Every structure is written in C-alpha cells, then in structure tokens.
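Novice: What follows is a single structure, and I will ask about it in a moment.
We did not get these values from a lab; they are worked out from the coordinates using the rules stated. Because the structure is a prediction, the values reported are computed rather than measured. Cβ atoms come from the backbone with ideal geometry, glycine included; neighbour counts cover every protein chain shown.
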Amino acid sequence: MRLGKGLLRPLCAAAGVAMAVTVAAIVTTTNASASTAGDRIAQIATAEQDNSAHNHMIGNCNFYGGQLYGTIPGCPSGWRTGDWCADFAKYVWRQAGSVSYLAEIDSWAQSFKDYGVRHGTWHPTGGGYAPRPGDAIVYKDLGGQQGKADHVGVVVAYSSGTLTTIEGNYNSRVYRRVNPANAQGFTSPVVPADGGWSGWQSPPTVVGVVGSLWVGR
C-alpha cells in the first residue's frame, strides 16, 4: 500500500512518530472495513445463487434488473428484461452496504471497469494482484461491443491459485464458476473507511504537512 513519495517533513521527531501511528491506524481500519465488505458481498452472492425464487430467468425476465430499475410490463412484479450480469453484480454490491459511487455502474459490464479505473481500484490481469472476495471480475471483449467488456461476475473466493466466482446471466441463471477464462481484470468496490480513504485503494499521495494535518492528493 503506497503511502507517499518521501516528501513528508515532520515538524519534530515526536510529531513524526505520532503521525506515523495515526496513518498505521487508518490503514488497519481501512483494510478491516474492506475485508468485512468483501466478505458480505461474497456471502450475498452465494445466497443468491442458492435462492431458487429468483436465481434464474422467467421467460426473458430477470429479478436483478427489476430490483435496480423497476418492473417492465410483461414481467412479474420486480422483474425486467435485458442483459443482467452487471445488474446482478451491482445488486450484490448494493445489498452488502457501504459501497460508494454505485450510481456510476449501469447494466453494462464495461461500467465496472470504468468505475475501477476512475477510483483507482482496477487491477488488470498479469499485474500480480490476488483477487479478493467481493471484487468484480471483468471479462474481455468476446464478440460483443468492440473493445468493451462482455461480462462481469463477483469473486467469492481465491486460494492457492483457485478462483471461484458467482455470475449472473451465465447459462441464463446465477452460476458458480471455478477458474474462469478470459478475464481482463478485477475491480474492487470503493468502501468508505476511517480517514475518508477507500477500501482496496492505495491511500492518497502525501505531499506535505500543514500543522498537524496530512496534505495529500
């Protein structure tokens, strides 16, 4: 986790120690908050996979889009038509609580990548990042809109090289996959934590101190 570029100049040794302790406390709280949110997301995704009341389509209608955007005529109450992999992932993030900027995510899988890039929580494959429960797994363009992500799911576990995801609109239902191919990267949710930092992000770059306050960007 990157804390700065060595530009901090404490006012005195004691102040420097005190501020270092403060940062350590904030980082610890941030990680705990993110981990808790990620665990909730994974648990909710698993529960949805097991929920036979709405883990599948009825005709061309799905539950998750309806819960986010309202019923469409011809569908059961609370259901709607449309591609819904992104709606499933967004619904799960929303149900977990604590995730910020959800309004920036829509029914396109690409919106999860755009969200991650915008907030510094995008992790492309091949970069050494180990996926965490609660992350969104974003897939490559496999013949849909050119250059845009075609599908998205939710990471529920990663251990010893084995990745487990739960994904909406896979085989027309909520589906568990193990070591799926063609991922282009992962987006972590932005989770508010102590100090205003966000879970699974690097903290702001420290550029100086004014009095006893950190100044960053």
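Novice: Would the stretch 120-171 count as rounded, prolate or oblate if I go by the C-alpha gyration tensor, calling it rounded below 1.5 in a/c and otherwise prolate when a/b exceeds b/c, oblate otherwise?
Specialist: Here the stretch 120-171 falls in the oblate category.
Novice: Highest mean first, what order results for 130-138, 165-173 on Cβ atoms within 10 Å?
Specialist: Top to bottom by mean Cβ count within 10 Å: 130-138, 165-173.
Novice: FRET efficiency for THR125 and ASP50, Cβ-Cβ distance as r, R0 = 35 Å, nearest 0.05? Write out the running numbers ahead of the final one.
Specialist: Details: r = 29 Å, r/R0 = 0.82.
Efficiency, rounded to the nearest 0.05: 0.75.
Novice: When we measure straight from the Cα of LYS148, which aspartates and glutamates land under 17 angstrom away, once same-chain ones fewer than 8 places off are left out?
Specialist: Hits, sequence-local ones excluded: ASP83, ASP87, GLU104, ASP106, ASP114.
Novice: Please work out whether the stretch 39-138 counts as rounded, prolate or oblate from its C-alpha gyration tensor, where a ≥ b ≥ c are the square roots of the eigenvalues and a/c under 1.5 means rounded, while otherwise a/b larger than b/c means prolate and anything else oblate? Mind dumping the intermediate values first?
Specialist: Details: a/c = 2.18, a/b = 1.71, b/c = 1.27.
The shape class here is prolate.
Novice: Treating only the Cβ of Lys, Arg, Asp and Glu as charged (+1, +1, -1, -1), what charge dipole size does the stretch 31-126 show about its Cα centre? Round to the nearest 20 debye. Can you show the working numbers first?
Specialist: Working: 6 positive and 8 negative charges, 25 e Å.
Dipole size: approximately 120 debye.
Novice: Here's another thing I want to ask about it. I need the semi-axes of the equivalent ellipsoid of the stretch 23-202: take the C-alpha gyration tensor, multiply each eigenvalue by 5, square-root it, list largest first in whole angstrom.
Specialist: Working: eigenvalues 139, 64, 47 Å².
Whole-Å semi-axes of the equivalent ellipsoid: 26, 18, 15.
Novice: To continue, here is another question. What distance in nm separates the two pseudo spin-label positions at SER160 and TYR69, each 7 Å out from Cα along the beta-carbon direction?
Specialist: About 4.2 nm separates the two model spin labels.
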